[in-house]
Amino acid sequence: MIQFIKIISMLGIIFMLGACTQQKPTTGLYLLLDTSGTYTKELKKAQQIIHYYLAQLEPGDSFAVARIDSGSFSETDIIAKVTFDHRPSRANEQKRVFSATISKFIETVQSSAYTDISGGLLLAKEYLNEINPDKKYILVFSDMQEELPKGYKRDFELNLPGVEVLALNVTKLRSDNQDPTQYMHRLKNWQQRIEQSGGIWRMINDLEREESLAL
C-alpha cells in the first residue's frame, strides 16, 4: 500500500510539472498603416490601437507595424518589430521603445502617392511565416482603396491559410458618398480575395469599443 501511494504521488508530481511547462500559444500581429493622401490624418487613431495591443500582448508574442505606401513589398516599410522577452522587465522596456518609435513615425510621416495594400499583405504574410506563431493576425488600417504605380502587378494569390485579416477604420471616400455601392463592392472584393486565399476576414469600424479589437 505504501509503495502504491508513492507511485500515485510521483505521478501527481509529474503531471503538475507537465502542466507547468505547457506554454501559452503565441500570437503574431502585423499592423499595416495606410499613409496615402489625407488618410495620414487618421493615424492618431492607429496609435491608440497600437497602445491597446502593446498592453494585451504577452511574453513570447510578436508585433510588427509597417506602412502602406507606393510599393509596400519592402522590408524598409517596417516601422517597428519585436518579439517580447519572457522577462517582464525586459518586455516592458521593449514595449516602451516600440511605442516611442511609432510616435516618432506618426509625427514625421509624409503622405504617399499610391496605396500598395497587396504588397503590404504579402510582406506581412512572409513575416508571420518566418516567426511562425500559433495564431496569426494581419491588421489593415486603411480605407482599402488600392492604387498602384504604373507597371506594378498585384493580381497574385495571397495564400493566407490560418491568418485572420482585420480591416480597421475603413473610412468612406468622397466618391463613396456619391455612390455607396462603390464602398460595398470594395469591401466585398477584399473579403472574397482574403477568403479565397484561405484567410479569415473581419472588419472593425467601431474603434471606441475595445472589446471589438480583441483577438
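The values are calculated or read from the model by the stated rules, or taken from the named source; none is laboratory data. These figures come from a predicted structure and were not determined experimentally. Ideal geometry is used to build each Cβ from the backbone, glycine not excepted, and the neighbour counts take in all protein chains shown. Side chains are part of the model used for accessible areas, which takes the heavy atoms of the whole protein and leaves out ligands, DNA and RNA. Shrake-Rupley method; radii C 1.70, N 1.55, O 1.52, S 1.80 Å.
Give the residue from SER72, LEU215, SER175 lying farthest towards the positive end of the charge dipole for the chain; charges sit on Cβ (+1 for Lys and Arg, -1 for Asp and Glu) and the dipole is referred to the Cα centre.
Of the listed residues, the answer is LEU215.
Can you run phi through the Karplus equation (6.51, -1.76, 1.60; θ = phi - 60°) for segment 190-195 and list ³J(HN,Hα) in whole Hz, with x for Gly and Pro?
5, 4, 4, 5, 5, 5
Rounded if a/c is under 1.5, else prolate if a/b is larger than b/c, else oblate: which is segment 96-165, with a ≥ b ≥ c the root eigenvalues of its Cα gyration tensor?
Judged from the Cα gyration tensor, segment 96-165 comes out oblate (a/c at least 1.5, b/c at or above a/b).
Kirkwood Rh over alpha-carbon pairs of segment 149-194, then Stokes-Einstein at 20 °C and 1.002 mPa s: what D in µm² s⁻¹, rounded to an integer?
In µm²/s, the coefficient rounds to 167.
Over the Cα atoms of segment 126-215, how large are the radius of gyration and the largest Cα-Cα distance (Dmax), in Å?
14.5, 43
Using +1 at the Cβ of each Lys and Arg and -1 at the Cβ of each Asp and Glu in segment 76-198, identify which of SER118, VAL140, GLN94 lies farthest towards the dipole's positive end.
Highest projection toward the positive end goes to GLN94.
For segment 123-215, calculate the relative contact order in percent as a whole number, restricting contacts to Cα pairs under 8 Å that are 6 or more residues apart.
31 percent
Can you grab the distance from the C-alpha centre of segment 71-91 to the C-alpha centre of segment 40-68, Å, no decimals?
About 11 Å separates the Cα centre of segment 71-91 from the one of segment 40-68.
Per residue of segment 121-135, in order, report the coupling 6.51 cos²θ - 1.76 cosθ + 1.60 (Karplus, θ = phi - 60°) as ³J(HN,Hα) in whole Hz, putting x for Gly and Pro.
Rounded to whole hertz, the list is 5, 5, 5, 4, 4, 4, 4, 5, 5, 5, 7, 6, x, 6, 10.
Could you pull out every residue, at least 5 positions away or on a different chain, whose amide H is within less than 5 Å of the one on TRP201? Hs are placed 1.01 Å off N in the peptide plane, and Pro or chain starts have none.
For TRP201, whose amide H was placed from the backbone, the distant partners under 5 Å are VAL165.
Which order do the peptides 78-84, 66-72 come out in when sorted by mean C-beta neighbours inside 10 angstrom, highest first?
Packing order, densest peptide first, comes out as 66-72, 78-84.
Report LYS153's accessible area, 1.4 Å probe, all protein chains in place, as a number in Å² to the nearest 10.
Using a 1.4 Å probe on the heavy atoms, I get roughly 140 Å².
Starting from the amide H of SER36, placed 1.01 Å from N in the peptide plane, find each other amide H under 5 Å away whose residue is 5 or more places distant or on another chain.
SER112
So what is the accessible area of segment 114-215 per residue, in Å², with the probe set to 1.4 Å?
54 Å²
Could you order LEU207, LEU54 so the one with the most accessible surface comes first? Probe is 1.4 Å.
Solvent-accessible surface, decreasing: LEU207, LEU54.
Taking the Cα centre of segment 114-215 as origin, work out the dipole magnitude from +1 charges on Lys and Arg Cβ and -1 charges on Asp and Glu Cβ, in debye rounded to 20.
Using only the charged Cβ atoms, the result is roughly 260 debye.
Order the peptides 31-41, 140-150 from the highest to the lowest mean number of other Cβ atoms within 10 Å of their residues.
31-41, 140-150
Report, to the nearest whole %, how much of the accessible area of the chain belongs to carbon and sulfur atoms, 1.4 Å probe, protein only.
53 percent
For a protection proxy built on the mean count of beta-carbon atoms within 10 angstrom, sort 181-190, 161-170 highest first, please.
So the order, starting with the most tightly packed, is 161-170, 181-190.
Sequence-distant or interchain residues sharing an amide H contact under 5 Å with ASP69, placed H: which?
ASP116
Tell me the relative contact order for the chain as a rounded percent, counting alpha carbon contacts under 8 Å between residues six or more apart.
Averaging sequence separation for qualifying contacts and normalising by length gives 21 percent for the chain.
Taking all pairs of different Cα atoms in the chain, averaging 1/r and flipping that mean, what Kirkwood radius in angstroms comes out?
18.9 Å
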